[in-house]
Structure formats: structure tokens, C-alpha cells
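S.K.: Here's a structure for you.
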Amino acid sequence: VETECERSSATTYFWYREALDISNSISESGGLNWKMTLCLLVAWSLVGLAMIKGIQSSGKVMYFSSLFPYVVLVCFLVRGLLLRGAVDGIMHMFTPKLDKMLDPQVWREAATQVFFALGLGFGGVIAFSSYNKQDNNCHFDATLVSFINFFTSVLATLVVFAVLGFKANIMNEKCVVENAEKILGYLNTNVLSHDLIPPHVNFSHLTAKDYNEMYRVIMTVKEGHFKELGLDACLLEDELNKSVQGTGLAFIAFTEAMTHFPASPFWSVMFFLMLINLGLGSMIGTMSGITTPIIDTFKVRKEVFTVGCCIFAFMVGLIFVQRSGNYFVTMFDDYSATLPLTVVVILENIAVAWIYGTKKFMQELTEMLGFRPYQFYYYTWKYVSPICMAVLMTASIIQLGVSPPGYSAWIREEAAEKFLFYPTWAMAILISLIILASLPLPLVFILRQFHLVSDGSNALSVTYKKGRMMKDISNLEDNDETRFILSKVPSETPSPMPTHRSYLGPGSNSPMEMSSAPNGRYGSGYLLASTPE
């Protein structure tokens, strides 16, 4: 008998020992886990192939990877609601806990979840939207995506809590049986008197309610020696309150619940196929946010750059597939994305609402959409969003300073999780992660401020208004301007009609109205022209 397996559970043992072969702490590397390394290689190969095929193929992949999880979630919800104890889990889900709602970490994780789910701050949304038409109704898209995201979150949470409610009932029944055997042993050895057992209690069909009644009687009578008996309360609420997150939710709690399903192998295959789909879908979007702007800006070969990115990502990912890799996953998940992502989103918000100007942005949206967006957006963009996120970020920084960060380690000898603080070198990596993730923002700003890097002002900009395309050549060099006017490409041949002058701001003095335009991609600035003077 494996002691570690016997003292925990089969599912927990399989995850920590068979799959991860995890070490006792982040300080013990333990070398690479070859099974996990192979899986990482396959995963990045699939992402690379999808990216090389381009937006057309990734769009088709997205149809499947986006719709398949909904099919699985609906199937799981129907199956979950038919399970005993599912209602207990759902009731627990909708019961508010004020102590948790006052914890800044809960709000920080909630904000990060929204950023991840909507793709905010990653560049993926901007990358995909660069393929849209110039008059695309972005207002409808934004509203639709937000509602779909909210619906999906509620659906997924219902599924999780229905299944966790079922698991909590199973574990509670197991607890009742184990402790009832202890009580029977004490009765047979005369440690406890038979008078303490209520007459209606039947040990052959002992319910949780009967056990709780018996437990309270014994605790009251044997108050002085109760701890020595080693009896557990076996409360369903305690089982439901056991916090499960990260990899533990998918690979331990949910999987353990599925082992009790009828036809459990089928549900397991469906569940893990859904996880693979979600992972690939997320990575394709994130990779697009990285590759699209670089390919469009520097005109590098897409295939070469994508392969290079995937190889680099695989090499960096090797840190996660060593035996202590799960602890690094926790570190990256908790700190490399949350704070820097919040900073990125705040600065994006400030850039549009305060530097570029909310009124100017609203006016351009009005001309692009054909109607004026609600005034609600004006106040949300300018005041509500930046203030809320700034408060959240400040509270998170204070909390990090007050309570040292740590992680849950699996201790092999104890067959249990134990909270450990990060060692000094891990803290250095953690701080470096936050700094590195935020560094490009001030770095690029300084480089562009001192004209060390081109900000794209000499590139051809395109102005769009009511079906007409206008090319702004005011910022082109002399040679570029001559080449533009003498272009032999039909779509870039200047119209023989007299040009109309439009005032586009201090830097735009001589736009030329064109009857047609080249296909716009990422990096082409669509500037809305004001009424011709």
C-alpha cells in the first residue's frame, strides 16, 4: 500500500505523484518531468501550426474551440443538476460571504479573471479587431462579448458548484461512516456509555443529521476529554468551504467528483477535451496580440517569426515542467499577470480618456458608428474605471507589503498541502516578473519621447469618413511623397478630380481624398476627418 495514496485520496495521489511527481518545495528542482515536457512540446506545436495558417484558419479553429466548451458545459450542467447534493452546492454559491468580499485579493483576482476572459490588456482584442472593416459596429461587438462573457462565467460556475456540492455530500457521508465506526469502537470498549446514543439512531442507516445530533450530545457530556476521542463534526458546510483553486480545481476536485459519475470515462474525456480547447483558444488569441503588431510593423516573415516565438515560449516553459514546476505556475499566475496587467489596463484607459481625450474619442465613434454612444460611457471611461482600478491596485500593493507572499506545497511524507513562504531568491524572481512585465511601458515611452525609435508618424496614415478614404501624406518624406503620387498601383493613383482640404489637426495640412483604398490592417491609423473647411 502506498502510504501517500492511503493518507490522501486516489485522485490527489495521481495528480501530485503520477502526473507531476512534485517535489516538497520550490527550492527542490528535481529535474524535468519528461511526460510533462512532451505535453508542453505538443501544445506549442499545435499553437504554432494554427498561427502559421493565419487568421482564416485560426478563425475556423476559434469556431470549434469556442462552441465545443459550451456543449460540454451544458451537458455537465444537466448531469450535475441530477446529482444528489447539487442543490447544496448551488445554494452555497449564491450565499454571500462578507469577510471574503472585504478581501482585496478576491477583488484583484476577480479583476484579473475579467481581463483574462475579455482579453483586455493583452493586445489580442486589438490584433483581431485590426482585421475588421473600418465601419464595423464595435459598440455592438463590445456589448455582445461582455454579455457572452458574463453568461459563460455564470454557466461555468453553476457547473463547478453543482459538481462540488455532489462531491461535498460524498465526502461528508464518508466522514460520517468513519466517525460512526470510531463511536461504535468506543461503545464496545465502554469508553462511551450507550445512554449517550439517542434511541432513534440506527448505525446501519446513519444519516448526517443523526450523526450531528449524536456528536453534540457526546461533546456536551464528555467536554473535558472530547478532544481525545478524535471525532470530526462532519458538517457539509465545512466540506463546501474548502477552497479549491488553480490546478487543484480541474485536476483534483472536479476529477474526483467525475469518478462517481455513471459512465465516468466518457465525462472525463469530454472534460479534458474542453480544457485543451480552452487552452489552445486562449493561446492563439494571446499569440496574435504578440505576433500581429510586430509582423505588420517590422515586415518580418510570419512563418519564421511565429516558429521563433513558439520555440522561445517552449524553452521558457521548461521551468514549469520540472518537478517543482507547479509552484512556478502558481507564482506566475499570482504575480506576473495580475499587477502588471492592472497597470497596463489603467494606462490604456488614461491614454484614451485623458491624453487622447474622451470627447474626441466619442466624436470619432459617433462618425464611425453613425450614432452617438451613451453618455454613460463618457463618465465610466474618464472617472469610474481608472479610479476603481487605481484603488484596487493600491490595495493589492499594500496587501503584498503587509503579508509576505507564499504558496501551497505538497509534502510527500505528510500526504498533505502546507503553506510555505517564498525563499529570498524566489522573491527576487517574483519582483523581477512584475518589473519585467511592466518595463516595456516606460521604456518605449522614453525611446519615443527622445525620438530614439520611430513612432510611425512618417508612415502613410488613412483617414476614414462616411465611406470615403483619405490618405494623409503631410508627414511623408519628399521621396516618399513623390513615389506616392507617381505610384503605378491603381488603388494608389491620385484622382484627377480637385482635392478637398480637411482640417485634421495641427500635424495634418494636406490630405488627399481618394475614391478607393488598400486593405487596412493592424498599424494603419484610421483617423476620422472633421467637416471640410
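The values are calculated or read from the model by the stated rules, or taken from the named source; none is laboratory data. Just so you know, these numbers come straight off a predicted model, no measurement behind them. Every residue, glycine as well, gets a Cβ built from its backbone with ideal geometry; the counts of neighbours run over all protein chains shown. Keep in mind that these areas ignore ligands, DNA and RNA; they rest on the heavy atoms of the full protein, side chains included. Shrake-Rupley method; radii C 1.70, N 1.55, O 1.52, S 1.80 Å.
S.K.: For a quick protection proxy, order the peptides 325-337, 140-152, 305-317 by their average other-Cβ count within 10 Å, most packed first.
M.R.: 325-337, 305-317, 140-152
S.K.: Counting heavy atoms of the protein chains only and a 1.4 Å probe, report the per residue accessible area for the stretch 286-395 as a whole number of Å².
M.R.: With all protein chains present, the stretch 286-395 gives 52 Å² per residue.
S.K.: Separate question: Could you go through the stretch 37-52 in sequence order and give the Karplus-derived ³J(HN,Hα) for each residue, using 6.51 cos²θ - 1.76 cosθ + 1.60 with θ = phi - 60°, rounded to whole Hz, and x for Gly and Pro?
M.R.: Using θ = phi - 60°, the values come out as 4, 5, 4, 4, 4, 5, 4, 6, 5, 5, 5, x, 5, 5, 6, 5 Hz.
S.K.: Using a 1.4 Å probe on the protein chains only, how many percent of the accessible area of the stretch 74-126 belongs to carbon and sulfur?
M.R.: Looking at the stretch 74-126 in its full context, I get 74 percent from C and S.
S.K.: Hey, can you find the accessible area per residue of the stretch 69-119 for me, probe 1.4 Å, expressed in square angstrom?
M.R.: 61 Å²
S.K.: Another question, then. On the Cα set of the stretch 12-153, report Rg and Dmax in Å, please.
M.R.: Answer for the stretch 12-153, Rg first and Dmax second: 20.4, 56 Å.
S.K.: Past the 28 Å Cα-Cα mark, which pairs from Lys133/Lys359; Lys35/Lys418; Lys53/Lys299; Lys299/Lys359; Lys100/Lys167?
M.R.: Table pairs above 28 Å Cα-Cα are Lys299/Lys359.
S.K.: On to the next question. Express the carbon and sulfur contribution to the solvent-accessible surface of the stretch 173-274 as a percent, rounded to the nearest whole number, probe 1.4 angstrom.
M.R.: Roughly 58 percent of what the probe reaches on the stretch 173-274 is carbon or sulfur.
S.K.: Give me the net charge for the shell around Ala416: Cβ to Cβ below 14 angstrom, other residues only, Lys and Arg +1, Asp and Glu -1.
M.R.: Result for the local shell: 0.
S.K.: Shifting gears a bit: So how far, in whole Å, is the C-alpha centre of the stretch 301-369 from the one of the stretch 144-160?
M.R.: 22 Å
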